[in-house]
Amino acid sequence: MEPLTMVGLLVLGSGAGIIGSLFGLGGGILFVPILTVVFGLAPTEAVAVSLIGIIAGSVGASTVYVDRGQSNVRLGLLLEITTAAGAILGAMVATMLEDWILLLLMAAIVIYSAVRMIVNPERIVEPSGDADGDMVFEYPGDDGPVRYEVQNVRGGMALCTLAGMASSMTGIGGGAIKVPLMNIYMHIPIKAVSATSSYMIGITAFSGAITYLLAGQVLPDYAAFVAIGSFIGAFAGVAVSRRLNARHLRRYFSVVLFAMAGMVLLQVGCVI
Amino acid sequence: MNLNRSTAATLRVGMTLGVAMIVIGLVLDSLSMGDTVLWAGITVLIASPFLGVLTSAAALLTSGDRRWAAVALVLIAIISVGIVLSA
């Protein structure tokens, strides 16, 4: 492999690691096109490499977020159930819809989420008194522990099914749908959301990556450099995240969502 | 067994082992000494999130947190079904 390609893959991996650890986004929509267009990989090879980059970033960030209690592991496991079920369903029905319809739908959902993140301020439901229900959690905030009560759990689980379907049908949208969903609809503080999503995207990507690995579609050297870059990016993202307050984090998140929507629309243009 | 600490510890082991094997594997591969270690490193890395879920399930079971342990076990079952269906 050319030294320039190695450096390029490390940089790409770092970008994926930062987006994954800072926002809880896998960023496949941004990285798969770069891997195919710039690095000349076949689409399936690019997806496989991207998934391994997502796993590396997720594992790296989670060693810190999970340990600190910033990721809500219980809630992550719960929402991952319907996400994974949705992904299985999506794979079954994906062939029944035209690609461009799916992509256009995704773009619309992502833009809607981005606008909601800008328009709606964060609203956390503080548990009353020393209430200790199943859905009362806390995470270490900047000024001590923050307690929050998760709202709309059933609705959130149902919508995660759709997020899972969308991500397996179009290869995008797991995090882009789930992060705004958890923050706006389920009223979970954005710092806990991004850390929880960082943890979840690794589990989601695992199912996909293991299939590509078994099918022999993983390019080991490409995957290796992207993974190393992604670890570096993940720790950089964790460090940056500590310095960002919730309001800024949500604003930057919206910017990334708009960029993602732009990439989706570009793809629609290519498909049509 | 503390849920967060044990899950993070598993992820840390997976990450450290995976990175070490990937780096050594890349060196061996560039010296034309085969890519077995590289493949092993990538496999360890890919498996880490799932090993983390298994650890979470064990931590929840041993601490008697039955409802959340059930959630972890259902997730493990669904992920397994997904892999079998797509393989």
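Values in this text are rule-based calculations from the coordinates and carry no lab data. All of these numbers come straight from a predicted model, not from anything done at the bench. Ideal geometry is used to build each Cβ from the backbone, glycine not excepted, and the neighbour counts take in all protein chains shown.
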* Asked: Dipole of the protein assembly as shown, Cα-centred, from +1 at each Lys and Arg C-beta and -1 at each Asp and Glu C-beta, to the nearest 20 debye?
  -> 600
* **At R0 = 51 Å, FRET efficiency that the Cβ-Cβ distance of residue B:54 and residue A:119 yields, to 0.05** => 0.80
* Return the distance in nm (one decimal) between the two label points of a simple spin-label model at residue A:136 and residue B:27, each offset 7 Å from Cα along Cα→Cβ. => 5.3
* **Separation between Cα centres of the range A:78-131 and the range A:175-198, rounded to whole Å** => 10
* Structure fact -> Per the C-alpha gyration tensor (a ≥ b ≥ c, the square roots of its eigenvalues), the range A:1-129 is rounded if a/c is under 1.5, else prolate if a/b beats b/c, else oblate; here it's oblate
* How large is the helix-only mean residue ellipticity at 222 nm for chain A, computed as the sum of -39500 (n - 2.57) over DSSP H runs with n ≥ 4, divided by its residue count, in deg cm²/dmol to the nearest 500? -> -25000 deg cm²/dmol
* Asked: Would you list A:149, A:126 from fewest to most Cβ contacts within 10 Å?
  -> A:126, A:149
* residue A:126-residue A:105 FRET efficiency (beta carbon distance; Förster radius 51 Å; 0.05 resolution) -> 0.90
* If you line up the Cα atoms of chain A on their principal axes, what length do they span on each, largest first, in Å? -> 59, 40, 33
* Asked: In the Gaussian network model of chain A, springs joining C-alpha atoms below 10 Å, which of A:69, A:229, A:28 carries the largest mean-square fluctuation?
  -> A:69
* **Sites residue A:244 and residue A:146, calculated FRET efficiency, Cβ-Cβ separation with R0 22 Å, nearest 0.05** => 0.90
* Shape category assigned to chain B from the gyration tensor of Cα positions, a/c cut at 1.5 -> oblate
* Roughly speaking, what is the stretch gain from residue A:153 to residue A:97, that is 0.36 nm per residue apart minus the C-alpha to C-alpha distance, in nm to one decimal? -> 17.2 nm
